[in-house]
Amino acid sequence: MVKVEGRRIVRAPVQKVFQLISRLDAAPRVTGLWLTADLVERKPAALTIQYRGYFAGLPVESLQRATLYPPHRIDFRQTRGGLKTFRGQYLLSSVEGDTEVSLIVEAEPGIPFITEQTARLVLHSFIERSLEKVKLVAERELPRVVRRAGEASGSKSGPLPTLEPEPSEPIEEPAPAPAQAVAPATNGQAPPAPQPKKRRRRRRRRRPGDQRKGPGGETGSQH
């Protein structure tokens, strides 16, 4: 007979952890031992479940009966299956608002070439994975507390923690560009609009030898 035990501290009330563990037919894959779980019978304080999985690489079946003692204990034992013996219990206790979960398993494979060391490793993996899953699921829905800026972590007189996001810092808008300077008005009147500059006509300079046309269209020479 091989006996293995494990413990976890779960940040959740005992009642919530007990309700989670009592669903022994849910999500068996995380244990590393059972792959499927079929609920055969359900009573107010007892469950009968058919498990199928692998023990040290060998396929096994195990029909188990679980007895509930809310909210502090759950016992389970194999009534029929491929293992010679398989039994265990969950123990729950409250620790300052949290829950300490203990899982104890005893097994005797009854298979010649499965050594005691191999059986111990299989049970240890089963316990650790089961407890880690319980802790993960029980703590998943806990709200994350966000404290206001400037609040001391251990202060008792300060404001209470809030779940609302902290207000964001104000965004400074850029200053408007300065307007162009306007010339002051004269005697209360607006300044006159600037007049367009007249273009000065450029006079052509005559060169010696140029011919000049007369009134009748005749061309004369300049003496």
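The values are calculated or read from the model by the stated rules, or taken from the named source; none is laboratory data. As the structure is a computational prediction, the values presented were derived from the model and not from experiment. In this analysis, Cβ positions are derived from the backbone assuming ideal geometry, glycine residues included, and neighbour counts consider all displayed protein chains. These accessible areas exclude ligands, DNA and RNA; they are computed on the full protein's heavy atoms, side chains included. Shrake-Rupley method; radii C 1.70, N 1.55, O 1.52, S 1.80 Å.
Data overview
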{"item": "Subset of the range 43-56 [open to solvent by 60 Å² or more (accessible area, probe 1.4 Å) and out of contact with any Asp or Glu (no Cβ under 9 Å at 6 or more places or on another chain)]", "result": "K43, P44, Y54"}
{"item": "Flag for T118 being at pLDDT 95 or above and open to solvent by 20 Å² or more (accessible area, probe 1.4 Å)", "result": "yes"}
{"item": "The range 111-132 residues that are more than 22 Å from R7 (Cβ to Cβ), paired with ones that are buried (at least 16 other Cβ atoms within 10 Å of the Cβ) (beta carbon under 7 Å, 6 or more apart)", "result": "E116/V2"}
{"item": "Flag if L92 is within 35 Å of the chain's Cα centre (by Cα) and more than 12 Å from V17 (Cα to Cα)", "result": "no"}
{"item": "Scope the range 51-67; condition within 22 Å of F18 (Cα to Cα) and of a type in the set (S, T, Y); matching residues", "result": "Y51, T67"}
{"item": "Members of the range 27-42 that are aliphatic (A, V, I, L, M) and open to solvent by less than 40 Å² (accessible area, probe 1.4 Å)", "result": "L33, A37"}
{"item": "Entirely in the range 1-68, the strands (runs of 3 or more DSSP E) that have 2 or more residues that are more than 32 Å from the chain's Cα centre (by Cα) and within 16 Å of E128 (Cα to Cα)", "result": "2-10"}
{"item": "Verdict on S93 being in contact with a strand residue (DSSP E or B) (Cβ under 8 Å, 6 or more places away or on another chain), exposed (fewer than 14 other Cβ atoms within 10 Å of the Cβ) and within 15 Å of V134 (Cβ to Cβ)", "result": "yes"}
{"item": "Failed item in (1) crowded, with 18+ Cβ neighbours inside 10 Å; (2) more than 30 Å from F113 (Cβ to Cβ); (3) touching a Lys or Arg at 6+ places or on another chain (Cβ under 6 Å), with F18 passing the rest", "result": "(3)"}
